[in-house]
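For reference, the structure is listed below as structure tokens.
The values are calculated or read from the model by the stated rules, or taken from the named source; none is laboratory data. Being a predicted model, the structure only gives us computed values, none of them experimental. Heads up, the Cβs are rebuilt from the backbone with ideal geometry, glycines too, and the neighbour counts pull from every protein chain shown.
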Amino acid sequence: MIKEIVRTIEHLVHVPSPSGYTKRAIETVEQLLEETPFRKWRDRKGGLFVEVPGHNDERRRLLTAHVDTLGAMVKEVKPSGRLSLSMIGGFNWNAVEGEYCTVHVRKGGEVTGTIVMHETSVHVYRNSGDLPRNETHMEVRLDAVTRSKEETEALGIRPGDFVSFDPSFECAMNGFVKSRHLDDKASVALLVTWLRAHAKRGAKLPHTTLVYFSTNEEIGYGGNSNIDPSIEEYVAVDMGAIGDGQATDEYSVSICMKDSSGPYHYELTNELENIARRENIDYVVDIYPYYGSDASEAMRAGADVRHALFGPGIESSHALERTHERSLQATYALIEAYTASTMIE
């Protein structure tokens with residue numbers, strides 16, 4: 001199972017999907033689920049719903065993970081022919097310095113490049129290491145013969161074109177998975193794998209469960225305007241934050257009690273912890289101080305649901321991320337155990 005999960009992660013992270021440019025990612029998920037018998041449909045935002053039948057069809061659950069990632073958009077074609085960028089999502093510019101990228105030209109085609117400091121060369125710019133990494137100094141060096149704004153525009157590139165970052169995916173022999181966009185394509189892969197496995201089993205769940213692959217989480221909203229009133233539990237499967245003062249690690253599933261939006265639903269979160277304990281799943285309980293999820297945004301949107309959040313621990317979030325197969329396995333086990341549980345109060 002873990003090999004399938006990792007293969008699916010690798011497949012997904014190589015599909016460009018900055019927030020606002022997610023159609024290909026949703027089509028990829030649809031292709032991965034093509035042979036499953038579940039009812040599927042898209043909402044107007046472009047997100048994908050998958051309905052898994054259960055014995056109780058009146059009190060439903062929803063699990064969600066987001067296919068959208070960090071990225072950028074062309075802000076300006078500079079006189080030099082290089083590009084200045086506008087950030088999509090929240091990250092530090094130093095986290096993408098030196099990264100390969102792709103410009104997705106709206107008129108058609110793609111142009112590759114590298115995100116660099118304008119003042120990169122230490123042979124020319126003596127104080128290059130002291131300069132701030134921000135929109136003023138960061139730019140895209142295109143892999144094209146262009147020395148002017150006019151030559152770049154002749155390639156079809158213009159403001160508003162999306163820019164995606166190379167994932168730099170690698171799976172080490174000792175179980176570490178390294179890549180950009182593990183937030184949240186690791187969780188998307190987990191839910192895709194669970195759906196495929198459940199389709200093969202063919203058994204009904206205790207409660208009808210919707211899986212929603214959302215497309216705008218990194219910019220603050222998902223599918224929360226169209227939550228069916230029958231949904232009573234809304235669970236985001238998203239990354240656990242690792243750092244000083246955090247309990248989350250790369251080897252267990254992280255259950256979030258509180259993030260920047262406030263506490264998650266007390267009883268549902270306790271239920272998840274009880275399930276993990278009962279099933280001998282490696283888990284931690286944590287608080288994420290600068291974090292929000294589609295579940296917390298559902299509450300802001302006024303959804304009348306019990307909401308919760310859990311997911312694999314992701315080191316160096318919104319940069320060159322890393323997790324371990326053990327964390328992926330623990331998160332998958334909690335998805336399995338939670339969806340098989342009968343309790344809704």
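Summed over the range 323-340, residues that are assigned to a helix (DSSP H, G or I), within 20 Å of the chain's Cα centre (by Cα) and polar (S, T, N, Q) total 3.
Please work out if Y264 is crowded, with 23+ Cβ neighbours inside 10 Å and either in contact with a Cys (Cβ under 7 Å, 6 or more places away or on another chain) or among the hydroxyl-bearing types (S, T, Y) (or both). Considered against the rule, which asks whether it is crowded, with 23+ Cβ neighbours inside 10 Å and either in contact with a Cys (Cβ under 7 Å, 6 or more places away or on another chain) or among the hydroxyl-bearing types (S, T, Y) (or both), Y264 comes out as yes. Could you list all residues from the range 214-226 that are over 12 Å from the mean Cα position of the chain (by Cα) and surrounded by 20 or more Cβ atoms within 10 Å (Cβ to Cβ)? Matches in the range 214-226: G223, N224. Whether a residue is over 18 Å from the mean Cα position of the chain (by Cα) and free of Cβ contacts under 8 Å to residues at least 60 places away in the same chain was assessed, and E97 passes this test. Listed by position, the strands (runs of 3 or more DSSP E) inside the range 95-198 whose residues that are exposed (fewer than 15 other Cβ atoms within 10 Å of the Cβ) number at least 2 are 110-117.
Return the residues of the range 293-326 that are of a type outside the set (A, V, I, L, M), crowded, with 20+ Cβ neighbours inside 10 Å and more than 24 Å from S168 (Cβ to Cβ); say none if nothing qualifies. Listed by number, the residues that qualify are S293, D294, S296, E297, R306, H307, F310. Counting just the residues of the range 196-213 that are among the hydrophobic types (A, V, I, L, M, F, W, C) and within 12 Å of F49 (Cβ to Cβ), which one comes out farthest from the chain's Cα centre (by Cα)? My answer is L210.
When only residues in the range 59-89 that are of a type in the set (G, A, S) and assigned to a strand (DSSP E or B) count, which is nearest to M239 (Cα to Cα)? Among those residues, the one meeting the criterion is A65. Restricting attention to the range 218-236, does a residue exist that is modelled with pLDDT of 95 or more and aliphatic (A, V, I, L, M)? Yes, because at least one residue in the range 218-236 is modelled with pLDDT of 95 or more and aliphatic (A, V, I, L, M).
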